[in-house]
Amino acid sequence: MAGVFIDVKVSAEIAGDADIARKLEEVCPVGIFAAKEAGVEIVDDNLDECTLCDLCLEAAPKGSVEIVKLYEA
Ligand code: SF4
C-alpha cells in the first residue's frame, strides 16, 4: 500500500540491484528503502516521512527512482 502523501517508485531495472539497494538504504534519512538480498524494498510505513530531500534521486541512476506527491495529484 502506498503512503497517504507520498509514493516512491523504483524502476524494474534497479529494483533487483543489491548495490543500488544498499546505497538507497544508506542515503534516505527516514528509512524508506530497505536493502534485501533480492534488491530494494520500499518501507511503506515510512513513506509519509519523506522530506523530499532528493538524495535517493541522486544516489540511483537518473530516472530510476521517482517520488510521487500524491497530494498534488
Ligand atoms: S527524497 Fe529523501 S526522504 Fe524521500 S525517499 Fe528520497 S532519500 Fe528518502
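Mind grabbing the base-10 log of I(q)/I(0) for the chain at q = 0.18, 0.19, 0.20, 0.24 Å⁻¹? Debye formula, identical points on the C-alpha positions, no solvent, two decimal places. Here the Debye-derived log intensity ratios amount to -0.60, -0.67, -0.75, -1.09.
With a sphere of radius 14 Å drawn around the Cβ of A18, what net charge do the other residues whose Cβ falls strictly inside it have (Lys, Arg +1; Asp, Glu -1)?
Details: positive: R22, K23, K36; negative: E13, D17, D19, E25, E26, E37, E41.
Net charge in that neighbourhood comes out at -4.
Take every pair of alpha-carbon atoms less than 8 Å apart whose residues are at least six positions apart; their mean separation over the length of the stretch 6-72 yields a relative contact order of 41 percent. Helix 18-27 and the long axis of the chain differ in direction by around 50°, with both axes built from C-alpha atoms. Under 5 Å from the amide H of C28 lies no amide H of any residue 5 or more positions distant or on a separate chain, with H modelled from the backbone and absent for Pro and chain starts. Calculated mean residue ellipticity at 222 nm for the chain: -6000 deg cm²/dmol, from DSSP H runs with n ≥ 4 weighted as -39500 (n - 2.57), summed, divided by the residue count and rounded to 500. Magnitude of the charge dipole for the chain, about its Cα centre and with charges confined to Cβ atoms of Lys, Arg (+1) and Asp, Glu (-1), is about 140 debye.
Here, each number is a calculation from the coordinates, and none is a lab measurement. What you see is a predicted model; the values in this text were computed from it and never measured. Glycine gets a Cβ as well: all are built from the backbone with ideal geometry, and neighbour counts include every protein chain shown.
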